[in-house]
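Asks: The structure is given below, and queries will be raised subsequently.
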Amino acid sequence: MTYNNNTPKCTLYLAPSTIPNAGLGIFTSIALPSGTPLPGGFDAAIPISDMDFHNDGSHDAEDYHWMFSEYLWSSASIGKVMEYEAEKTSGFSWGYGALPNCHFWMINVMESSCDFDTVGLTPENSPGAGAFTGHYNRLAHAYEDVKAGGELFVSYGTNWFTTRESYMGLVPGEDDFEAGEEFIETVSELFESLVDSTTVKDDVHYMGQVRVDIWNMIVNSPYKSRPLAALPKAYKTAVRAMDVGIMQTEEELATHSVEYLEEHGKCLDHIHPQNSTIPHAGRGAFATRYLPKGTVVSSAPLIHIPDRDILTMYDDSEDGESRDLSKPIGQQLLLNYCWGHPKSSMLLCPYSHGTPFINHDRQDPNVKIQWMKNDDRYHNSSWLDEPVSFFDSEWTTKLMFEYVALRDIQEGEEVLVDYGKEWEEAWNEHVKAWNPDENYVSPHELNKDYDLPLKTHEEDASVYTDIFGYHTGTDKKSGEREIHRIRARRPDPNNKNDGFVYDLEVIGSGNYVKRVKDVSRSQMHFYHKPYKADIFREGSFRHEMMIPDEMFPNAWRNL
Ligand SMILES: *[C@@H]1O[C@H](CO)[C@@H](O)[C@H](O)[C@H]1NC(C)=O
Ligand SMILES: *[C@@H]1O[C@H](CO)[C@@H](O)[C@H](O)[C@H]1NC(C)=O
């Protein structure tokens, strides 16, 4: 890309990682002082529910092809709302949650957990309810000062690497860098003594070569360990590390020049999310700056799912231990965030910053998707000639979409792409057949407004059947207890204007029911029961987006 006055400025880039063999990483082209929010706005997270159960196998054992396990966060780190949605939920968080690499010594990005909000859309008022994720507002900020050009690193947790040793090799953890630092100090002393004891003038150069050889022997030793992996590979870097420490050299190495990013990087912050202008769509992607026609508005690596059937969810069998194949209950929400084709079992799911927020417009889209041009670092176009079976044994992402501006897009304009004819027909059918659910009770709405009177069991025994609550005890000992029933409601004596206190039956230890009196509303918190959230409701909209015929590879046609 040539840089001129018409090129919109970019502050967040996708580019080859500075960590060897680590694929792509993300970089800032502006200095980010510690505490600064990262460019590009918030992330969202898609709940992934009981994948192993619904596939009657283990993704670890590769019973089914599921690359997403590399990109998922535990629901506990996303937030309680997600944790309770199914038996075992994890969250796919596509931007800062999926793009950065991990370098234990240079973690410079921290992410918050998600909030939950469906932009006012509920099964009572919108056919869009349950068709998009309500987990959003996962915010990233600089945890350390980051220099312009610096690579951004998050913590995946040590466990992530230790369970992936067979193909990632030994990735050093924080302790290993400390051990490496001590080791290099010792070597430094040894090297100095090497010079000292042999200071015959003409031999200095000769001893220099000995030092290079010793260093190469150490780092290329057939014995592998994590501390060893923390040492700089190049002798030149090692010498600098003896001077300034490994940490400093690692930091110097983890930087691309801003010119490099402008020339080779892919911009990630031309778009940012906010409430969509499209009815029933939830959130959307908006232009951060003026984007002239032809601009690559975003680039997105694609996670492949060779067999889309793995997203089908099933009811329990009689024994409750396994799935009942005769009772499908719907598709994982993820389907709505992936691209496919009616003639193929393949799905491609983009995980770039912001692109999953881009909504549909068939009449007047302002961006279109296209394959990136072949580039060893980003996109291997020979994958477009491989059959679907080829992807069963591929565990990296090597395909990318570009979202290209079809006309000038003004700052603040919503970015819209055509999801295809089949998608639009399916959506129109869904809207026609949709009926509001007047009995719907949202636990999230209950949690937002403490003054809303809760119904007692006597008043309406069926009102809270799909949701459950917790009572947080006032003393530490009692902890959280599941609410069994609401027995009585009285105006709060300490809050004369509004508000109530409640008498509850809670499930105590040993599963016996215990009564508690005068519980204030702020001590109660509600969630959906497993498989009762909006995304699991019968008939909630599911459809992949359609890759246009003219760009869909013939080799992938298998249906
Ligand atoms: C987005 O919509 C929600 C729900 O309707 C509203 O509370 C919020 O203020 C909106 N946000 C913006 C930035 O307009
Ligand atoms: C691109 O993919 C082909 C398989 O289609 C593979 O043989 C080749 O090595 C790949 N190229 C790179 C640079 O990874």
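Asks: Normalised by the number of residues in the chain, what is the relative contact order in percent for Cα pairs under 8 Å and 6+ residues apart?
Replies: Relative contact order of the chain: 17 percent.
Asks: Could I ask something else about it? What Cys residues in the chain have no fellow cysteine's beta-carbon under 4.7 angstrom?
Replies: Cys102, Cys114, each lacking another Cys Cβ under 4.7 Å.
Asks: What's the magnitude of the charge dipole for the chain around its Cα centre, counting Lys and Arg as +1 and Asp and Glu as -1 at the beta-carbon? Answer in Debye, nearest 20.
Replies: Approximately 920 debye in magnitude.
Asks: How large, in percent, is the carbon and sulfur part of the accessible surface of region 443-536 at a probe radius of 1.4 Å?
Replies: Here it works out to 47 percent.
Asks: Can I ask one more? Quick check: convex hull over the Cα atoms of region 1-142, volume per residue in Å³, rounded to an integer?
Replies: Dividing the Cα hull volume of region 1-142 by its residues yields 185 Å³.
Asks: Let me ask you something else. Are any of the pairs Lys368/Lys432; Lys266/Lys293; Lys88/Lys448 more than 21 Å apart by Cα-Cα distance, and if so, which?
Replies: Lys368/Lys432; Lys88/Lys448, as the Cα separations exceed 21 Å there.
Asks: Here is a further query. At a 1.4 Å probe radius, carbon and sulfur cover how many percent of the accessible area of region 305-395?
Replies: Carbon plus sulfur share of accessible area: 42 percent.
Asks: Which aspartates and glutamates have a Cα less than 19 Å from the Cα of Lys517, not counting those fewer than 8 places away in the same chain?
Replies: Asp451, Glu458, Glu459, Asp475, Glu480, Glu482, Asp492, Asp498, Asp503, Glu505
Asks: Whole number in Å², please: accessible area per residue of the chain, 1.4 Å probe, ligands, DNA and RNA not counted.
Replies: With the other protein chains kept in place, the chain gives 48 Å² per residue.
Asks: Hey, another quick one. Enumerate the aspartates and glutamates that Lys373 could reach by cross-link, defined here as Cα to Cα under 13 Å, with residues fewer than 8 away along the same chain left out.
Replies: By straight Cα distance, Lys373 reaches Glu402.
Asks: Please go through region 508-559 and write out the chymotrypsin sites (Phe, Trp or Tyr not before Pro) that DSSP classes as loop and that have at most 15 other C-beta atoms within 10 Å.
Replies: The qualifying sites are Tyr512.
Asks: So which GluC sites (Glu not before Pro) in region 1-107 are both in a DSSP loop and have at most 16 other Cβ atoms within 10 Å of their Cβ?
Replies: Counting only loop positions with at most 16 other Cβ atoms within 10 Å, the GluC sites (Glu not before Pro) in region 1-107 are Glu62, Glu87.
Asks: Give the average over all directions of the projected area of the C-alpha convex hull of the chain, one decimal, in nm².
Replies: So the mean shadow area of the Cα hull is 33.2 nm².
Asks: Among DSSP beta bridges whose residues both lie in the chain, state the antiparallel percentage, nearest 5.
Replies: If I count the DSSP bridges inside the chain, around 95 percent turn out antiparallel.
Asks: Same structure, new question: Please sort through the DSSP H helices of the chain and keep those with an alpha-carbon extent of at least 24 Å along the long axis and a Kyte-Doolittle average not below -0.5.
Replies: 174-196
Asks: Okay, next question. Hey, what number do you get for the chain at 222 nm if only DSSP H runs of n ≥ 4 count, each worth -39500 (n - 2.57), divided across all residues, to the nearest 500?
Replies: Here the helix-only value at 222 nm equals -5500 deg cm²/dmol.
Asks: Mind grabbing the base-10 log of I(q)/I(0) for region 497-559 at q = 0.18, 0.25, 0.27, 0.30 Å⁻¹? Debye formula, identical points on the C-alpha positions, no solvent, two decimal places.
Replies: Relative scattering, expressed as log10 I(q)/I(0), comes to -0.93, -1.06, -1.15, -1.26.
Asks: Could you pull out the GluC sites (Glu not before Pro) across region 510-559 that fall in loop regions by DSSP (anything but H, G, I, E, B) with no more than 15 other Cβ atoms inside 10 Å?
Replies: Those satisfying the criteria are Glu538.
Asks: Dimensions of region 443-536 along principal axes (Cα, Å, largest first)?
Replies: Reported extents, whole Å, longest axis first: 40, 31, 25.
The values are calculated or read from the model by the stated rules, or taken from the named source; none is laboratory data. Nothing here was measured: the structure is a model prediction, and the numbers come from that model. Quick reminder, even Gly has a Cβ in these numbers, built from the backbone with ideal geometry, and neighbours come from all protein chains shown. When the accessible area is computed, the model is the full protein with side chains, heavy atoms only, and any ligands, DNA or RNA have been set aside. Shrake-Rupley method; radii C 1.70, N 1.55, O 1.52, S 1.80 Å.
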